[in-house]
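Asker: Structure below; questions to follow.
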């Protein structure tokens, strides 16, 4: 632990990262309509106002449906791709994986707009379903990345042993491989859920008039008097995503421990 | 093992691999590749009259309004990339070289948490912080440091750069950290044993070896910021549109899919060319230091 200057710098950097987020609870409990110093005193009325808004609950309901479906479908598609890429050699594997991972390196706006153009041309009505289609496309690369590292840490001799002992490939997958990559599956589900919940551009352009959580928040920004209630909502969301992340991190570490690896990294 | 599996299922390894990846691959073909091709077709045909033409591209590449917007997008995202990567490097270096291995994941966890909280709310918080009646102005005024709100901190390109640099900070730290972790520590000892100072060892060994991580960080920050839609809208107050806002206006408000597609394809080309330049710089850099 040398380099005191670097240490001070890193702590200052973390303060910069967290400073805006610290403002959320500060102003969520502040008894004033404007977000400004000095603070005016403690209140929980912003939470009550937020809680009473029926539009918010509609948005939450839609978001819950979307994010859950996206988490399940992306993880399923991720399982196929990750298993294929770690287990088999086949021609044009790089190109196929490249296309699947492409959304990671394309500006989101371009992916959303090209989907929108095609959906409009085909006459597909915009709805929750079209948001799910878009989000699955965005989340699948994350699922593939997480699951690939889960499959890579598998010891192939376990699978060979099961086959030698008379199991079919399918029952081997079910009995041996799936339980071993389960921590990876859970962290993929949680991360895809979180990404989908937070995603705005696709939800905004592909959703038609269906409100979801992110478009609801964006809409509220237009009304200055609604801002403190959004601060309250933001406080709750931050607490929720920290909880989800802590759970995902716990499963990721358990997966690494199961496979006997050493842990030095974080997500991605 | 492969033969064994083939014996059980009666399929070749290549066929099994393709069969397994096909659901995911087909999904990407239908929902990503096909729409991208459609956009390219729109961009290469004329509105109303139809027919193949480069006229849309000619307009996008020569009209001052598009050049100005593209220039602003690139200026903002280059600045954001520079600021983010330069500020992130010392943090990644600290976590990789000066933090005990058992505590590294805790530090990375702390760094990544802000990234997983709502992007919209984080951007909006900067508007609240920098706004005319915002946190900074009201804070300074209640402390008696200024008498009137500062005008210079809101609704400008600098505020957009600050907001985006904050939003993408963790993205830059992680790849640099990974490349620093891969460096063989005995190389550094060798450098110092051979009489280099610590600073020279850093410049001649550590920095070149961590270059792949720096380039990855540059691309990870640069690509999404070029196409950012929310920050120009909220922080720029809609008065400083970037390319994504232009695509929206052209595609949806003016209902011109052909021109909108031409702008989108142009943006993609620019991103691809800039990315390739960075990747080539990386290759040359690595070869030059061998």
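Asker: If the requirement is being loosely packed, with under 14 Cβ neighbours inside 10 Å and either under 30 Å from residue B:26 (Cα atoms) or within 12 Å of chain B (Cβ to nearest Cβ) (or both), which of these qualifies: A:36, A:12?
Answerer: Details: A:36 fails: loosely packed, with under 14 Cβ neighbours inside 10 Å.
Exactly one of A:36, A:12 is loosely packed, with under 14 Cβ neighbours inside 10 Å and either under 30 Å from residue B:26 (Cα atoms) or within 12 Å of chain B (Cβ to nearest Cβ) (or both), namely A:12.
Asker: If I filter the range B:229-254 down to residues being within 10 Å of chain A (Cβ to nearest Cβ) and outside any helix (DSSP H, G or I), which single residue comes out as surrounded by the most Cβ atoms within 10 Å (Cβ to Cβ)?
Answerer: The extreme case among them is B:242.
Yes/no per residue for (1) more than 10 Å from chain B (Cβ to nearest Cβ); (2) assigned to a helix (DSSP H, G or I); (3) at pLDDT below 90; (4) surrounded by 18 or more Cβ atoms within 10 Å (Cβ to Cβ):
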position: A:129; (1), (2), (3), (4): yes, yes, no, no
position: A:150; (1), (2), (3), (4): yes, yes, yes, yes
position: A:158; (1), (2), (3), (4): yes, yes, yes, no
position: A:162; (1), (2), (3), (4): yes, yes, yes, yes
position: A:166; (1), (2), (3), (4): yes, no, yes, no
position: A:171; (1), (2), (3), (4): yes, yes, yes, no
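Asker: I've got another one for you. So residue B:114 fits all but one of (1) farther than 30 Å from residue A:142 by Cβ; (2) crowded, with 20+ Cβ neighbours inside 10 Å; what number is the exception?
Answerer: Only one criterion is unmet by residue B:114, namely (1).
Asker: Kindly indicate the residue of the range A:63-88 that is without any contact (Cβ under 8 Å) to a residue 24 or more places away in the chain and touching a helix residue (DSSP H, G or I) at 6+ places or on another chain (Cβ under 6 Å) and also farthest from residue A:183 (Cα to Cα) among those meeting that condition.
Answerer: Pass one, the range A:63-88, residues without any contact (Cβ under 8 Å) to a residue 24 or more places away in the chain: A:64, A:76, A:80, A:84, A:88.
After this cut, where a residue has to be touching a helix residue (DSSP H, G or I) at 6+ places or on another chain (Cβ under 6 Å) as well, the list is A:80, A:84, A:88.
Values: A:80: 16, A:84: 19, A:88: 22 Å.
Filtering the range A:63-88 for residues that are without any contact (Cβ under 8 Å) to a residue 24 or more places away in the chain and touching a helix residue (DSSP H, G or I) at 6+ places or on another chain (Cβ under 6 Å), the one farthest from residue A:183 (Cα to Cα) comes out as A:88.
Asker: Return yes when residue A:236 is more than 10 Å from every other protein chain (Cβ to nearest Cβ), at pLDDT 85 or above and surrounded by fewer than 19 Cβ atoms within 10 Å (Cβ to Cβ) and no when it is not.
Answerer: On the way: more than 10 Å from every other protein chain (Cβ to nearest Cβ): yes; at pLDDT 85 or above: yes; surrounded by fewer than 19 Cβ atoms within 10 Å (Cβ to Cβ): yes.
Considered against the rule, which asks whether it is more than 10 Å from every other protein chain (Cβ to nearest Cβ), at pLDDT 85 or above and surrounded by fewer than 19 Cβ atoms within 10 Å (Cβ to Cβ), residue A:236 comes out as yes.
Asker: Next up: Would you check which residues across the range A:53-84 are surrounded by fewer than 21 Cβ atoms within 10 Å (Cβ to Cβ), more than 13 Å from chain B (Cβ to nearest Cβ) and either assigned to a helix (DSSP H, G or I) or in contact with a strand residue (DSSP E or B) (Cβ under 6 Å, 6 or more places away or on another chain) (or both) and list them?
Answerer: Selection gives A:54, A:55, A:56, A:57, A:58, A:60, A:61, A:64, A:65, A:68, A:69, A:72.
Asker: Residue under question is residue B:202, and the condition is that it be over 24 Å from residue A:110 (Cβ atoms) and facing another protein chain (nearest Cβ under 9 Å); does it hold? Talk me through it step by step, then tell me what you get.
Answerer: On the way: over 24 Å from residue A:110 (Cβ atoms): yes; facing another protein chain (nearest Cβ under 9 Å): no.
So residue B:202 fails the test.
Asker: Continuing with this model, one more query. Can you report the number of residues in the range B:1-53 which are over 30 Å from residue A:165 (Cα atoms), modelled with pLDDT under 85 and out of contact with any strand residue (DSSP E or B) (no Cβ under 9 Å at 6 or more places or on another chain)?
Answerer: Residues meeting the conditions: 4.
Asker: Turning to a different aspect of this structure: Which count do you get for residues in the range A:221-233 that are modelled with pLDDT under 85, within 10 Å of chain B (Cβ to nearest Cβ) and either under 13 Å from residue A:29 (Cβ atoms) or not in a helix (DSSP H, G or I) (or both)?
Answerer: 1
The values are calculated or read from the model by the stated rules, or taken from the named source; none is laboratory data. Keep in mind that this is a model prediction, so the values were computed, not measured. Backbone-built Cβ (ideal geometry, glycine too); neighbour counts: all protein chains shown.
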